Amino acid sequence: MTRVSYDFKSIQCKWQDELAGFSVSNAEILSSKDACYILEMLPYPSGKFHMGHVRNYTIGDVVARRKRMEGYKVIHPIGWDSFGMPAENAAMSNGNHPRKWTVSNISDMAEQLRCFGYMYDWKREISTCSAEYYTQEQKIFLDFYKLGLVYRKRSYVNWDPVDQTVLANEQVIDGRGWRSGAVVEKKFLEQWSIRITAYAEGLLAGLEDLRGVWPDKVLKMQENWIGKSSGAIVNFKLVESDENIIVFTTRPDTLFGASFIAISPDHKIAKRLAQTDDTVRNFVDECSRMSTTEEAIEKAEKKGIFTGLHVRHPVMPGEVLMVYIANFVVIDYGTGAVFGCPAHDERDFEFATKYGLPIIPVIDTEDPLPYVGDGPHINSQFLDGLHLDEAKERMILYIEELGIGHRETTYRLRDWLVSRQRYWGCPIPIIRCPKCGDVPADSPVLLPDDVEFDGKGNPLEKHPTWKYVKCPRCGEDAIRETDTLDTFFESSWYFLRYLDPQLTTPINMEMERAALPVDLYIGGVEHAVLHLLYARFFMLALRDAGYVSGSIPFKALLTQGMVTHKAYKNNAGEWVYPSDVVRDANGNMIDGSGNPVTEYPAEKMSKSKKNVVSSESIIDSHGVDAVRLFTVSDTPPEKDFEWNTDALDGAVRFLRRVWKVFSTLSSSREQHGNTILLKTTHMYIKQISEKYETNSLNKVVALLREFFNEIEDNVETEDEGSLLSAFETFTKMLYPMVPFICHEMWAMLGHTTKISDEPWPQYDEKLAAVETVTIAIQVNGRMRGTFTVEKDADDELVIQRAFEALGDKYDRSSAKKIFVVQNRIVNVVL
RNA sequence: GCCCUUGUGGCGGAACCGGUAGACGCAGCAGACUCAAAAUCUGCCGCUCUUUUGAGCAUGGGAGUUCGAGUCUCCCCGAGGGCACCA
């Protein structure tokens, strides 16, 4: 065998093209029953390929390569989420057109992906900013429109003052824009929305199908986001007029404890009063100025103002309740009005105490008020003595009987606001005609290229000609909608487009039946309620629009953790690159100029903290295989991964050792009898396959290293053929993680076929079986030694051997009881 | 405030269904090779006492169930995440 040293650079060069991709045609997929769709969240082409990408795509590639060896027709596509703000911002700062900027970034990033040896089907590549993609999306949009799932209305919306656009609820995190981080303002604007709330129940039910295959955390987050609550609607009649105040409650059982009504400052009655009453107007204005950030809400005092109005108690004739406008009642949940039951609600209690309102207990309890738990009802006429669930039920039936209310379920989920006042997005294909109203565009709406970026407003709005069109219905002058779609719209269905990216209709349904749901979807957990909720909604809506047959986009989900690194700051308050931190003579950390440095705990890699590691420099110094191996070693995929250059060195060291053993192998395949390594090999095939199956890649690496240690230990003693055979099996199982070195070794071992075409190793149950086991001996539950015995030996023999091993110190006759767990333990109780 | 997850050596992490805690690595220590260093190889490596042998203590803390608990139950503490004037 050739004895050249491990030179990762030449190996990378040699196999780059070989590894760059595998294509499986639709014909192959449709004719076989073994499609396996492995997908990683598509990247935004920022131009920067960071360690988060490396981790995400390495995990996906390892899984895809192994599935392919297992004989599946693997669909493993890649594409570009290429609409969005950064391209437009770049255009504003350097005058480069967003398309040019985007295309050039895509080519840079595609090159990086090739460098890492990721196996993609490049024939399926898509870019969401291409007309082929977004014009198909417009068809979907219009079909949703026809189904009544799209509407335009004026309402309070989240306005991001930095990105100069509105945002969906899901995109506001702690009162700030998800991308810009700016405090979101409330504006009353006319915007396009998607009726995702129509699918609230379906989205909730769909979570049940994903239990066990999606992380519990994600299911829980979506469940909370949808926020179903059941209760009742109750009408309270105003004393002063014929009007009603409609209230939603989850506690109709406490209706007899009602002592006031509170309406939102944005409630129509509050607004009407504000027109004539200065005190009310001042109060309403004050509330609208109130910040909606978390901290502000935390601190805000419960405040209210009496309207002068009263309502009749719906179930206690003769009783009258005062109506307040209160700052804690929000307009966009329930009906924007509540009844206050201070005895059994903390907020109502605070309010009632402040304004001297009655506190009427209706649940018998020893606990101090407010008491929100269950208990027998009191002061509640026909509910007296009943507990929570039954009391609720009886009250709902009662108000339904009286015709003053009904059972009601509400959701926290809001409709998805999808219009954005930006250029670089999919144009909303609607034409606004003064005569006909909103009319669907009769042909695809292309983004014009000749636009100006001066940073003020939407360039489409200011384009001299683009928006002026004739109405497709009446032929009169009309204008195009100049808003574009939220970019989450594109990522909500791209996994369907990969199945047939050139098709002249949006989705190839035959392929959808064959390939969906995606078998494994890999990406960051930050999309738990954004992208992952929208994609689930899309499947439901697309099914109703006749585009797909299934309802689940992703069968299994793996949310990988962040890549983190320690950060360092010097005494001047500047962040310092980890590589610039050294230790002085006293062992204290200092930077290059000798300033003392403080270490900060590992955090997500970010340029501003200088704790980034560039993928280019690291593959240059350590090689792609080592980086790939390292990123799947040690840490489970779903946990945060702390970058550690020493451990990366360890990965290189391991590959060198592998190479060293490889270069001493003989080409002889002659084997002499039943060897130790044969059994070892089968045991490891079994274990490693199992760990791959659950995507426990860190455990796969540990087992591969154990297996290799065994091979290495037997280099001198095993016959050449057995050694070679064990090593080849090892190489096949190592290959999905480090494809470059494995391709090279496989070829040099004299194979004319490629390792990527090898079938996954199978094990023989008999050979993989353990023959002897080590049994632990305990006396009164304390470890007192071990002994070995053949597997499945009967208890009597095991007990005998245990006492032999214990020696003279213990006598069997003095044992009160002896517990034997087969193949594991003997516990002698004295 | 509510909900969820989580806590194991100096570090990342293993440990099937309650049955030998610490696999596999990283760091560290000692030795071999070397003029020396690096690389490589060999050995050690939870803590305390002990000459070896061994004994005791150890999975955030405290109780409990059990022959036996990292694993199950209850209480408390810490960390991370989600939601939030949600009626």
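The values are calculated or read from the model by the stated rules, or taken from the named source; none is laboratory data. Note that the coordinates shown come from a computational prediction; the quantities given were computed from them, not determined experimentally. Counting neighbours? That spans all protein chains shown, and the Cβs are built from the backbone with ideal geometry, glycine included. Side chains included, ligands, DNA and RNA excluded: accessible areas come from the protein's heavy atoms. Shrake-Rupley method; radii C 1.70, N 1.55, O 1.52, S 1.80 Å.
Surface listing: A:221, A:395 arranged by accessible area from highest to lowest gives A:221, A:395, probe 1.4 Å. In this structure residue A:479 has an accessible area near 70 Å², from a 1.4 Å probe over the protein heavy atoms. Quotient of the Cα radius of gyration of chain A and 2.2 N^0.38 Å, N being its number of residues: 1.19. When both bridge partners sit in chain A, DSSP labels roughly 75% of those beta bridges antiparallel. Put a plus charge on the Cβ of each Lys and Arg, a minus charge on the Cβ of each Asp and Glu, and nothing anywhere else: the dipole of chain A about its Cα centre is then about 920 debye.
Distances between every pair of Cα atoms in region A:466-624, grouped in 10 Å steps from 0 to the bin holding the largest one, split as 9, 21, 19, 19, 16, 11, 5, 1, 0 percent.
Quick note on region A:499-584: its Rg to Rh ratio, both from C-alpha atoms and Rh being the Kirkwood radius, is 1.32. Modelled spin-label separation between residue A:241 and residue A:179, with each label point placed 7 Å from Cα along the Cα-to-Cβ direction: 4.3 nm. For residue A:610, a cut-off of 20 angstrom between C-alpha atoms picks up these lysines, skipping any fewer than 8 places away in its own chain: A:48, A:566, A:569. In this view, the solvent-accessible surface of residue A:104, computed with a 1.4 Å probe and all protein chains in place, comes to about 60 Å².
A 1.4 Å probe run over the protein chains yields, for chain A, 45 Å² of accessible area per residue, whole-number rounding.
Over all distinct alpha-carbon pairs, what is the Kirkwood Rh of region A:637-742 in angstrom?
Working: mean 1/r = 0.0681 Å⁻¹.
Hydrodynamic radius (Kirkwood, Cα pairs) of region A:637-742 is 14.7 Å.
For residue A:773, the solvent-accessible surface computed with a 1.4 Å probe is close to 20 Å², ligands and nucleic acids excluded. Accessible surface ranking for A:197, A:753, A:631, 1.4 angstrom probe, highest first: A:753, A:197, A:631. Helical content of chain A, expressed as a calculated mean residue ellipticity at 222 nm, amounts to -11000 deg cm²/dmol (DSSP H runs of 4 or more residues, -39,500 (n - 2.57) each, divided by residue number, nearest 500). When the residues A:446, A:678 are ordered by accessible surface, computed with a 1.4 Å probe over the protein chains alone, the sequence from largest down reads A:446, A:678. Protein heavy-atom surface of region A:69-219, 1.4 angstrom probe: 50% of the accessible area is carbon and sulfur, with nucleic acids and ligands not counted. Note on region A:407-563: with charges restricted to the Cβ of Lys and Arg (+1) and Asp and Glu (-1), its dipole about the Cα centre is near 420 debye.
Shape class of region A:111-223 from the alpha-carbon gyration tensor: rounded, with the ratio a/c of largest to smallest axis under 1.5.
With R₀ fixed at 41 Å, the C-beta to C-beta distance from residue A:99 to residue A:190 puts the FRET efficiency at about 0.90. Here the spin labels are modelled as points 7 Å beyond Cα on the Cα-Cβ line, and at residue A:762 and residue A:454 they lie 7.2 nm apart. For chain A, relative contact order (Cα pairs under 8 Å, six or more residues apart, normalised by length) works out to 13 percent. Overall, the accessible surface of region A:493-625 at a probe of 1.4 angstrom is composed of carbon and sulfur to the extent of 49 percent. Summary of the geometry: region A:1-58 and region A:88-142, compared by the centres of their Cα atoms, lie 19 Å apart. Taking a ≥ b ≥ c as the square roots of the eigenvalues of the alpha-carbon gyration tensor, region A:548-701 is classed oblate because a/c is 1.5 or more while a/b is no larger than b/c.
Take the cross-link list A:220/A:271; A:153/A:470; A:302/A:604; A:660/A:791; A:9/A:679; A:766/A:809 and give me the ones stretching past 30 Å between alpha-carbons. Flagged as over cut-off: A:220/A:271; A:302/A:604; A:660/A:791; A:9/A:679; A:766/A:809. FRET efficiency for the pair residue A:774 and residue A:830, taken as 1/(1 + (r/R0)^6) with r the Cβ-Cβ distance and R0 = 25 Å, rounds to 0.60. Summed over all non-identical Cα pairs, the Kirkwood treatment of region A:1-97 gives a radius of 16.8 Å. Taking the protein heavy atoms of region A:660-720 in the context of the full set of protein chains, the accessible area attributed to carbon and sulfur is 46 percent at 1.4 Å.
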